[in-house]
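What follows is calculated from the coordinates using simple rules that are stated; it is not laboratory data. Small disclaimer: the values here were computed from a predicted structure and weren't measured. Please note: Cβ atoms are built from the backbone with ideal geometry, for glycine as well, and neighbour counts cover all protein chains shown.
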Ligand code: UTP
């Protein structure tokens, strides 16, 4: 049984890197092959045993929650056509999770978005999943993070090695070794974190990726965290305050699996091609076409 039953999925950012594509539709609704990216994120939580998902949304993002409602007219039309396969896919999204929505009101930063979840979450550890990061279902990370939080308390972040020149796109962490009883999981203690440092100031090339298992102690710290980089209330700054406090440890699970970025047009294209090539129904034909296409360039 998982100790974590709730996930918080902030999607209320302005998505500036993806304009104008996301001017009128939420970034989380951009399709990745045949499902919007938000569906991959909620499915990842469900696979980890988390069935309560709180979306932190903003203006014009109603479609995200609608995606998880039943759609009786559409389902009837598919049933009448005898299209059992598509009907099953449409209905599967209805049962993935219990979806809740809180409005952020104003996009004041990821830390502020997470703080709006305080009433729903209560006094228990909870997951946070950023929709820009898709984790390959074959390489799950949330179960290891939940187990690490259960053993070590405090909060747990996800880390991934990146090329040194890439670190300024992420939060970066200074880490120390730590012993745990968790088999096959690379856990480290995090002593320092900084959001999007210049490469020469980065404490390591371990990048913070968009998965967290946070202790409820984060909320009090977020309430007093001043705006930081980009004048936004940064989750990384609040975690750094906790790590420095000595009372709420922060650990990291180092992820070595497949992760896809959908936050900007170039990485989004790479994600669609990677997951398209792996798709059980479309992959073979798509790859054959792609090989010809590339050969002809
Ligand atoms: P990002 O920093 O990637 O921001 O936020 P963004 O708005 O999505 O995209 P850019 O950088 O402007 O192109 C990381 C996650 O936190 C959410 C975003 O929706 C994204 O899922 N977020 C960010 C909020 O929910 N509220 C905020 O105020 C800021």
Q. For the range 200-215, how many residues meet the condition of being in contact with a strand residue (DSSP E or B) (Cβ under 9 Å, 6 or more places away or on another chain) and either outside any strand (DSSP E or B) or away from the ligand (no atom under 15 Å from the Cβ) (or both)?
A. 8
Q) Tell me, which residue of the range 232-267 that is without any contact (Cβ under 8 Å) to a residue 24 or more places away in the chain and within 16 Å of the ligand (Cβ to nearest atom) is surrounded by the most Cβ atoms within 10 Å (Cβ to Cβ)? A) 267
**Q.** Single residue of the range 24-43 satisfying the filter (assigned to a helix (DSSP H, G or I) and away from the ligand (no atom under 14 Å from the Cβ)) that is nearest to residue 61 (Cα to Cα)
**A.** 39
Q. Somewhere in the range 216-227, is a residue assigned to a helix (DSSP H, G or I), more than 18 Å from residue 124 (Cα to Cα), free of Cβ contacts under 8 Å to residues at least 24 places away in the same chain and within 16 Å of the ligand (Cβ to nearest atom)?
A. no
Q: Go through the range 78-93 and give me each residue that's out of contact with any helix residue (DSSP H, G or I) (no Cβ under 7 Å at 6 or more places or on another chain), in a helix (DSSP H, G or I) and either within 15 Å of the ligand (Cβ to nearest atom) or over 20 Å from residue 36 (Cβ atoms) (or both).
A: 80, 81, 84
Q: Report yes if residue 97 is touching a helix residue (DSSP H, G or I) at 6+ places or on another chain (Cβ under 8 Å) and touching a residue at least 24 places away in the same chain (Cβ under 8 Å), otherwise no.
A: yes
Q: Find the residue count for the range 3-14, including only residues that are crowded, with 22+ Cβ neighbours inside 10 Å, near the ligand (Cβ under 6 Å from one of its atoms) and part of a loop (DSSP other than H, G, I, E, B).
A: 3
**Q.** Failed item in (1) over 25 Å from residue 39 (Cβ atoms); (2) away from the ligand (no atom under 16 Å from the Cβ); (3) in contact with a helix residue (DSSP H, G or I) (Cβ under 9 Å, 6 or more places away or on another chain), with residue 112 passing the rest
**A.** (2)
Q: Give 96, 55 a once-over and let me know the one that is outside any helix (DSSP H, G or I) and within 12 Å of the ligand (Cβ to nearest atom).
A: 55
Q. Which of the residues that make up the range 58-77 are in a loop (DSSP other than H, G, I, E, B) and either away from the ligand (no atom under 16 Å from the Cβ) or in contact with a helix residue (DSSP H, G or I) (Cβ under 7 Å, 6 or more places away or on another chain) (or both)?
A. 67, 68, 69, 70, 71
Q) Can you find a residue in the range 16-23 that is buried (at least 23 other Cβ atoms within 10 Å of the Cβ) and either more than 9 Å from the ligand (Cβ to nearest atom) or within 20 Å of residue 234 (Cβ to Cβ) (or both)? A) no
Q: Check the range 272-291 and report whether any residue there is under 20 Å from residue 111 (Cα atoms), touching a residue at least 60 places away in the same chain (Cβ under 8 Å), in a loop (DSSP other than H, G, I, E, B) and more than 16 Å from the ligand (Cβ to nearest atom).
A: no
